[in-house]
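Chemist: I am attaching a structure below and will ask some questions about it afterwards.
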Amino acid sequence: MKILAFAASSSRKSINKALVAYAANLLKAEIIKNAEVEIIDMNDFETALYSIDREKESGIPERVQKFYKKIGAADALLISYAEHNGYYTAVFKNLLDWTSRIDRKIYQGKPAVLLSTSPGSRGARRVLEVAKKTASSLGMDMKADLSVPHFNDNFDRAAGKITNTNIKATLNAALATLIKS
């Protein structure tokens, strides 16, 4: 099974990148042992802001086409959303806008587990709710979701793992939903 994993953030030290990397490694180590996991970085897909004029002048950027193809080549998705003002990060929203010009069903029917985290008590739940509400209209088969609150209290950055046993168990259960896909 091929899993495509990414954090919807361009921050080099993103806590959502740390969370999705941990989840991807956990998935491969404990849940789907023969999984082939690819973790991609949003910085590799950053492009000029979408506009219809830019699209007419230059077409769909190669980076956007590559992102869409990576989704198509995967069997399942693992995404962790960073929250900016209750919504997607600008880099991710822009990538969604561009990719939707290739196919409105960006996620191509792929099963997915959605994650989010923040240093605060809400764990980026607002952006996770936005992602959940738009999942099916963007062609995603959302299997499970998990918001991790108080990231710095529940994740050991040096060890790269969740320290809260309840959160880890909930994450394991969420990741296990991909087996049934």
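Chemist: Going through 1, 42 one at a time, which residue ends up being in contact (Cβ under 8 Å) with a residue 40 or more places away in the chain, open to solvent by 50 Å² or more (accessible area, probe 1.4 Å) and not polar (S, T, N, Q)?
Modeler: 1
Chemist: While we're looking at this one, here's another question. Scan the stretch 146-164 for residues that are β-branched (Val, Ile, Thr) and either outside any loop (DSSP other than H, G, I, E, B) or surrounded by 13 or more Cβ atoms within 10 Å (Cβ to Cβ) (or both) and jot them down.
Modeler: 148, 162
Chemist: Among the residues of the stretch 92-107, how many are among the hydrophobic types (A, V, I, L, M, F, W, C), assigned to a loop (DSSP other than H, G, I, E, B) and farther than 22 Å from residue 145 by Cα?
Modeler: Residues that pass the stated criteria total 1.
Yes/no matrix, rows are residues, columns are (1) surrounded by 15 or more Cβ atoms within 10 Å (Cβ to Cβ); (2) in a helix (DSSP H, G or I); (3) of a type in the set (Gly, Ala, Ser); (4) more than 12 Å from the chain's Cα centre (by Cα):
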| site | (1), (2), (3), (4) |
| --- | --- |
| 12 | no, no, no, yes |
| 30 | no, yes, no, yes |
| 37 | yes, no, no, yes |
| 47 | yes, no, no, yes |
| 53 | no, yes, no, yes |
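Chemist: Go through the stretch 115-139 and report how many residues are of a type in the set (A, V, I, L, M), part of a loop (DSSP other than H, G, I, E, B) and without any contact (Cβ under 8 Å) to a residue 60 or more places away in the chain.
Modeler: Adding up the residues that qualify gives 0.
Okay, residues lined up against (1) more than 30 Å from residue 60 (Cβ to Cβ); (2) modelled with pLDDT of 95 or more; (3) open to solvent by 10 Å² or more (accessible area, probe 1.4 Å); (4) among the charged types (D, E, K, R):
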position: 86; (1), (2), (3), (4): no, no, yes, no
position: 91; (1), (2), (3), (4): no, yes, yes, no
position: 106; (1), (2), (3), (4): no, yes, no, no
position: 112; (1), (2), (3), (4): no, yes, no, no
position: 130; (1), (2), (3), (4): no, yes, yes, no
position: 137; (1), (2), (3), (4): no, yes, yes, no
position: 144; (1), (2), (3), (4): yes, yes, yes, no
position: 166; (1), (2), (3), (4): yes, yes, yes, no
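Chemist: I'm trying to understand the selection: among the residues of the stretch 71-91, which are in contact (Cβ under 8 Å) with a residue 60 or more places away in the chain, under 23 Å from residue 177 (Cβ atoms) and assigned to a helix (DSSP H, G or I)?
Modeler: Passing the criteria: 71, 73.
Chemist: Name the pairs whose Cβ atoms lie under 8 Å apart, with the first residue in the stretch 48-66 and under 18 Å from residue 92 (Cα atoms), the second open to solvent by 50 Å² or more (accessible area, probe 1.4 Å) and among the β-branched types (Val, Ile, Thr), and 6 or more positions between them or separate chains?
Modeler: Qualifying pairs under 8 Å: 60/102; 64/102; 65/102.
Chemist: Out of (1) touching a residue at least 60 places away in the same chain (Cβ under 8 Å); (2) within 17 Å of residue 88 (Cβ to Cβ), the odd one out for residue 147 is which?
Modeler: That leaves (1) as the condition not met.
The values are calculated or read from the model by the stated rules, or taken from the named source; none is laboratory data. The model shown is predicted, which means the values in this text are computed figures rather than measured ones. In this analysis, Cβ positions are derived from the backbone assuming ideal geometry, glycine residues included, and neighbour counts consider all displayed protein chains. Ligands, DNA and RNA are stripped out before the accessible areas are found, and what is left, the full protein with its side chains, is counted by its heavy atoms. Shrake-Rupley method; radii C 1.70, N 1.55, O 1.52, S 1.80 Å.
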